[in-house]
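Okay, structure first, notes after.
The values are calculated or read from the model by the stated rules, or taken from the named source; none is laboratory data. Just so we're clear, the structure is a prediction, and the values are computed from it rather than from any experiment. Every residue, glycine as well, gets a Cβ built from its backbone with ideal geometry; the counts of neighbours run over all protein chains shown.
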Amino acid sequence: MSNALATKTSISRALVLISYFGLLALFTLWYLWLAPASSEHPWVIWLVHVLPLGAFAPVVVKGAPRGHAWLCFVLLLYFLEAVIAAMVPTTRWLGLIDCLLLVTLFTSAMLFARWRSQLTRARQAEAQA
């Protein structure tokens, strides 16, 4: 069982890293190059999107299960905006890509938090036995 959990944990961790950094890259492309805001300072909109997500970078890189659970709560707000963007004809494809990355990140972060906690408990039980 510990072997299966370790495999699940490593797969979900890889998905978290890919979708997290993919989301940061998408926001950078979207708000600074592909469809920047019509204001004089599109980087402000970019910062509003990237800073809250970027605050979780140490947690994602370190692989802390509790931090991944908190990341899931924050991702729900991003998902609301992504669905709205997917409904607007000018940003439909960007919104759909955003939704796909967010759903992947949410699911893999949630499963990583669960499986990593179970793996830690299983290894502690094996060490005590």
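Just need a number here: residues in the stretch 1-16 that are hydroxyl-bearing (Ser, Thr, Tyr), farther than 18 Å from LEU75 by Cα and modelled with pLDDT of 95 or more. Steps first, answer last, please.
Quick first cut of the stretch 1-16, residues hydroxyl-bearing (Ser, Thr, Tyr) only: 2, 7, 9-10, 12.
If we keep only those that are farther than 18 Å from LEU75 by Cα too, we end up with 2, 7, 9-10.
With the extra rule that they be modelled with pLDDT of 95 or more, the set shrinks to 7, 9-10.
Number satisfying all stated conditions: 3.
Here are the criteria: (1) surrounded by 15 or more Cβ atoms within 10 Å (Cβ to Cβ); (2) out of contact with any Ser or Thr (no Cβ under 9 Å at 6 or more places or on another chain); (3) hydroxyl-bearing (Ser, Thr, Tyr). Tell me which single one SER39 does not satisfy.
Every listed condition holds for SER39 apart from (1).
Give the number of residues within the stretch 80-110 that are among the aromatic types (Phe, Trp, Tyr) and out of contact with any helix residue (DSSP H, G or I) (no Cβ under 8 Å at 6 or more places or on another chain).
1
Restricting to the stretch 108-129, give me the number of residues that are basic (Lys, Arg) and over 26 Å from ILE18 (Cα atoms).
Narrowing the stretch 108-129 to residues basic (Lys, Arg): 114, 116, 121, 123.
Subset that is over 26 Å from ILE18 (Cα atoms): 121, 123.
The qualifying residues number 2.
Conditions (1) surrounded by fewer than 16 Cβ atoms within 10 Å (Cβ to Cβ); (2) of a type in the set (S, T, N, Q), marked per residue:
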residue	(1), (2)
LEU15	no, no
SER19	no, yes
LEU26	no, no
LEU71	no, no
LEU77	yes, no
VAL83	yes, no
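Tally up the residues in the stretch 35-53 that are in contact with a helix residue (DSSP H, G or I) (Cβ under 7 Å, 6 or more places away or on another chain) and either under 29 Å from LYS8 (Cβ atoms) or not small (Gly, Ala, Ser) (or both), please. Working first, answer last.
Of all residues in the stretch 35-53, those in contact with a helix residue (DSSP H, G or I) (Cβ under 7 Å, 6 or more places away or on another chain) come to 35-37, 42-43, 45-46, 49-50, 52-53.
From what is left, the residues that are either under 29 Å from LYS8 (Cβ atoms) or not small (Gly, Ala, Ser) (or both) are 36, 42-43, 45-46, 49-50, 52-53.
Number satisfying all stated conditions: 9.
Filter the stretch 17-64 down to residues that are modelled with pLDDT under 95, in a helix (DSSP H, G or I) and charged (D, E, K, R), then give me how many there are.
Total meeting the criteria: 0.
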